[in-house]
1. How far, in nm, would the chain grow between residue 16 and residue 259 when pulled straight, counting 0.36 nm per residue and subtracting the alpha carbon separation?
2. Please state, to two decimals, what the Cα-based radius of gyration of the chain comes to when divided by 2.2 N^0.38 Å (N = residues).
3. Nearest 500 deg cm²/dmol is fine: what mean residue ellipticity at 222 nm does the chain get from its DSSP H runs of n ≥ 4 alone, each adding -39,500 (n - 2.57), divided by its residue count?
4. Using a 10 angstrom cutoff on alpha carbons, build the Gaussian network for the chain and name the most mobile of 29, 136, 299.
5. At a Förster distance of 56 Å, what's the computed FRET efficiency of residue 26 paired with residue 238, Cβ-Cβ distance as r, to 0.05?
6. So for 182, 25, fewest C-beta neighbours within 10 Å to most, what's the order?
7. If the chain between residue 324 and residue 62 were fully stretched, how many nm would it gain, using 0.36 nm times the residue separation less the Cα-Cα distance?
8. If you take the beta carbon distance between residue 281 and residue 47 as r and set R0 to 22 Å, what does 1/(1 + (r/R0)^6) give as a FRET efficiency, to the nearest 0.05?
């Protein structure tokens, strides 16, 4: 049987052309795949150095110089502040309360902010995950439990700055200047039941259970010497990474009818992807805060007098195009909380590490995104931009700077 197929292929012009190609590779001819040097892997608990866990406050963590940081997890526990009369009262959190607790998280190098993740940035990142990746985040950070009385709600949030999206970019904390994490809190007390926030039943964060888990890897001395020699033989090491930029938030009050809302883009960076997040406006002290993004009817993108795209809600899911020419969509509509309502405008193809395209906004005249919405009440629109960024590290001092964004 095989001879029939092989003989037929031998007379095929396209098969003969393929076999003559320099790209031809026989997978059954053994070749060793890429091998990483064996190294140690440890998780180290990082306690806060100063700050508070109160609404509107901030908490600081100094990262230890234990090696190359490959992952940072933020552990938070939300529980009763007063239990005298509140013990036994069931507390219910809306899914996605973590996006209310966290206002922003900053990565600092010697007290200089080099990258920031806001709550809208986290939402955008999670909406861009595949299903297997999202399942972990949904179970540990978004849907942490429905109703609890005396036991705390536990959140574990991955802090995936641009430097942690590629193994080649992970910061060598043993070499660079001291780095730290600053967590800026939003409102830590909100819940959905009981509706009123009172002295007996207020929820808050437990400071003693708020910490980081940092995953470090450390190489043997000869490999460390090789890393330092090859990375820092020149005056500076320049690394292409990414960072998020948030356009000015647009606030409006809808009357239920379909209306267009414009967001003028003021950023001048080179943008890989745009994310549009529409949410209900925050009401301080209301007790109930639904953080779920709402549905967008259509999206239009214009610049320099040209219409770049104008797509309906049925067409926008095809904006996330993978390297094989197919659109990707993850089922995120769980329990009324849907990150799937976030619209992603993707300039290239979806690839986890490669830079496949970007729009340089500097030379585009009056770039604008227009969204059509049918909502009632106060809402906000966030346009999140995933931008290219080049970080430079001084070989002499280990100083890290954002050196170029366009």
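Where a number appears in this text, it was derived from the coordinates with a stated rule and is not lab data. Please read these numbers as outputs of a predicted model, since none were measured by experiment. Every residue, glycine among them, receives a Cβ derived from its backbone with ideal geometry; neighbour counts consider all protein chains shown.
1. Here the answer is 81.6 nm.
2. Computed over Cα atoms of the chain, the ratio equals 1.14.
3. -3000 deg cm²/dmol
4. Of 29, 136, 299, the most mobile in the Gaussian network model is 29.
5. Efficiency at R0 = 56 Å is approximately 0.90.
6. By the 10 Å Cβ count, ascending: 25, 182.
7. On the way: separation 262, 0.36 × 262 = 94.32 nm, distance 4.22 nm.
So the extension gain works out to 90.1 nm.
8. Numbers: r = 35 Å, r/R0 = 1.60.
Using R0 = 22 Å, I get an efficiency of 0.05.
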